[in-house]
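This report concerns only the one structure given below.
The values are calculated or read from the model by the stated rules, or taken from the named source; none is laboratory data. The shown structure was predicted, so the numbers you read here are calculated from the model rather than taken from an experiment. Please note: Cβ atoms are built from the backbone with ideal geometry, for glycine as well, and neighbour counts cover all protein chains shown.
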Amino acid sequence: MRVALKECDWEADGEDLLVVFDAREAITLSDPDGQVAALLSELRRAPRTAAELSAALGAHGFDVSEDDVGQGLRGLDSLGLVEDADGRSLGDPDEDERHFSNLCFYGTYAALDRHRAGFQRPMREAHVLVLGVGGGGSSLVQCLAGLGVGEMTLVDQDRVEPRNFARQFLYRHADIGLSKAERAAAWVRDYDPGIKVNAVDRWVSCPEDLADLVEGIDLIAGGLDGHPHANLWANEAAVRAGVPYVLGGANRTQLMYLSVDPGRTACLACDYEDRPAEDTSEGIAYRIVENMKLSNPLTGPMAMQVGSLLAFEAQRYLTGYEPPRAAGFRVTLDLREGLTPAWQALPRNPDCRVCRLAPPREGERR
């Protein structure tokens, strides 16, 4: 294996070496004779095998075996400073250039056995069903396109209106009156012709309205409006298909997102069953909120925040660079408190009718 040094720098401090990869922290390594600095310098010169590094360090006057170098490389790997050189590339110069920033991002999480290109490939192979391409959904589409998702199916029943322009930046004046799903799909094709995109102009009135769209889908993301139970229907379609569901939205003073991992976390129906009793003041307030017709106070920055939160969670599911942050949790960001996030676990209902519909996971018993 050829080992590559990540984008880091270092400086001697007496008998120690201070190494910085992430600007938030400095790693202190004992290096009284300068051997570690020599190893880093040789790695910076070019990716090397342990045998090549052993020979190069010999030229510096350090008598170290290939096994000794291998042990040192494993130590650097545990600190997140090195990676497999051959795992940095997608194997196509044009693709590497297109995804340059994405690959740099995954480099933070790469290691000798976790390749940055290995994070990007699943994204390129993924098919995401986006429910709603309005406020948060339109910015979600832009984020997913930038991340390089391979295919998107976009579902919306609305038409572009002038009032959308405060927060939906996919659309142009010439799009007024046209299908949002069709115009969003056209934007994706213009942005990156390599992304396959399907537009579905459809009103969703039950889980079955999504049954034909979830086949072959890797993840469902977004949020539906128009009916108080629309997202419950989407939740059921996701659970039945056994694919993660990432949902988000906003009210006047809060942004919110959550994710459902069927068979592993509570689902949206579990949370709904935990609502207050209807004959209590809390239940009455809940019903009022559920049926309120808001004038949609979502601004551009709020919509983009929601879209980016959903895209981050989708990226976690699709690439595995880190575990999903909102799986089984409702995460709220309060505008009155500087968007400070708060996590609230979704109550898991062992008798949930919808959760029972989840297909068994590979290697898991139900």
Next item on the list: Filter the stretch 102-119 down to residues that are within 18 Å of L79 (Cβ to Cβ) and among the aliphatic types (A, V, I, L, M) and give me whichever is farthest from the chain's Cα centre (by Cα).
Entry: L112
Note to self: Just the residues that are at pLDDT 95 or above, in a loop (DSSP other than H, G, I, E, B) and within 17 Å of G107 (Cα to Cα), please, taken from the stretch 15-42.
What the structure shows: F21
Item checked: the stretch 145-159 residues that are under 16 Å from F312 (Cα atoms), paired with ones that are aromatic (F, W, Y) (beta carbon under 8 Å, 6 or more apart) -> A145/Y191
Checklist line | Residues (without any contact (Cβ under 8 Å) to a residue 12 or more places away in the chain and surrounded by 14 or more Cβ atoms within 10 Å (Cβ to Cβ)) located in the stretch 77-95 | finding: E95
Note to self: Just to confirm my filter: which helices (runs of 4 or more DSSP H) fall fully inside the stretch 87-195 and include at least 2 residues that are of a type in the set (F, W, Y), within 19 Å of A311 (Cβ to Cβ) and assigned by TED's automatic domain parsing to the domain that holds V243?
What the structure shows: 180-191
